[in-house]
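This report refers to the structure that appears directly beneath it.
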Amino acid sequence: MRILRHIIYWTLVLLFLTLLFGRSWGSYLLAFYFSSLLLPIVMGTSYFFNLYLVPNYLLKGKYWTLALYSFYMLVVSLYLEILVALISYVIIANYKIELMRGMSSSIYVLGITLYLIVFVTSFIRLMIRFRSKAHQLEILEKEKQKNEQTTITIRVDRKNQQILLDELLYIESLDDQVKVVTDRSESITREKISQLHQNLPDRFIRVHRSFLINRDKISSFNHEQVMIGEAVIPIGRKYKKQVIEELKDIQMFRHSDSPTLRQSECRKVRMSDNPSSI
């Protein structure tokens with residue numbers, strides 16, 4: 001997709017130059033041939049400036065080095081442009097004075113236009129880069145705020161109810177309802193489990209399509225289930241690999257102090273026969 005966008009962009013540039021100079025030269029075919037020969041130069045100049053000079057010197061604050069290499073780039077590209085123009089006079093114009101006169105009157109304008117395209121391309125790339133960085137910072141800020149929150153609000157019996165995250169054990173999806181289990185109580189809401197997951201900090205992980213747990217409340221786990229208090233939560237096949245890796249990281253962080261899972265000391269959490277869809 002990225003390569004296709006580049007091909008479309010440079011095709012449009014070639015079409016624009018052909019229409020622009022073909023009108024003044026009186027020959028769109030001649031303008032197309034000449035623009036086609038010069039286009040690789042402006043493409044090379046553009047990619048060299050955007051992919052090498054900008055990330056290595058402009059973004060790192062090495063402005064004097066950037067100016068020096070930009071001058072070298074300008075000299076080399078102008079030399080290549082004049083060389084292409086000379087070849088064009090011989091091959092395309094075939095030494096015809098009437099054609100050469102029209103081309104020579106516009107060659108400098110064409111050169112300026114091509115370099116304007118280089119800098120317009122650079123501006124577009126920088127704008128995309130800065131917008132991407134701004135978007136990433138916005139996402140990080142939202143994640144930071146989400147991880148710092150201490151409560152979550154759910155709708156219970158048409159009323160807003162505050163749930164302390166430190167007391168929240170797990171959330172279970174039951175058909176068209178969701179059960180929110182804490183240290184003190186259980187609440188039923190009609191909100192979707194996926195929506196609640198989006199609003200919770202990173203310490204709440206999805207272990208099953210019907211279960212969302214507070215990893216800080218896990219007392220033990222194996223490859224099939226986790227235990228929170230007296231409840232055993234199954235690990236879904238879809239989430240198993242990611243969940244086990246994350247839980248092992250937590251276990252290593254806690255110096256592997258978690259006790260082994262004892263089936264006789266816990267009750268099985270009953271799952272709905274038809275869990276709600278995400």
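Values for this structure:
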{"quantity": "Cβ-defined net charge surrounding L164, 11 Å radius [Lys, Arg +1; Asp, Glu -1]", "calculated": "-2"}
{"quantity": "Theoretical FRET efficiency, 1/(1+(r/R0)^6), r = Cβ-Cβ of D166 and K240, R0 30 Å, to 0.05", "calculated": "0.65"}
{"quantity": "Rounded FRET efficiency, nearest 0.05, which uses the C-beta distance separating E138 from L20 and R0 of 35 Å", "calculated": "0.30"}
{"quantity": "Counted charge near K240, where neighbours are those whose Cβ lies closer than 14 Å (Asp, Glu -1; Lys, Arg +1)", "calculated": "+3"}
{"quantity": "For region 1-53: rounded, prolate or oblate by the Cα gyration tensor [a/c cutoff 1.5]", "calculated": "prolate"}
{"quantity": "Given K179/K248; K146/K240; K159/K179, the pairs whose alpha carbons are separated by over 19 Å", "calculated": "K179/K248; K146/K240"}
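Every number here is computed from the coordinates shown, using simple stated rules; none is lab data. Given the structure is predicted, the values throughout are model-derived calculations rather than measurements. Cβ: placed from backbone, ideal geometry, glycine included. Neighbour counts: every protein chain shown.
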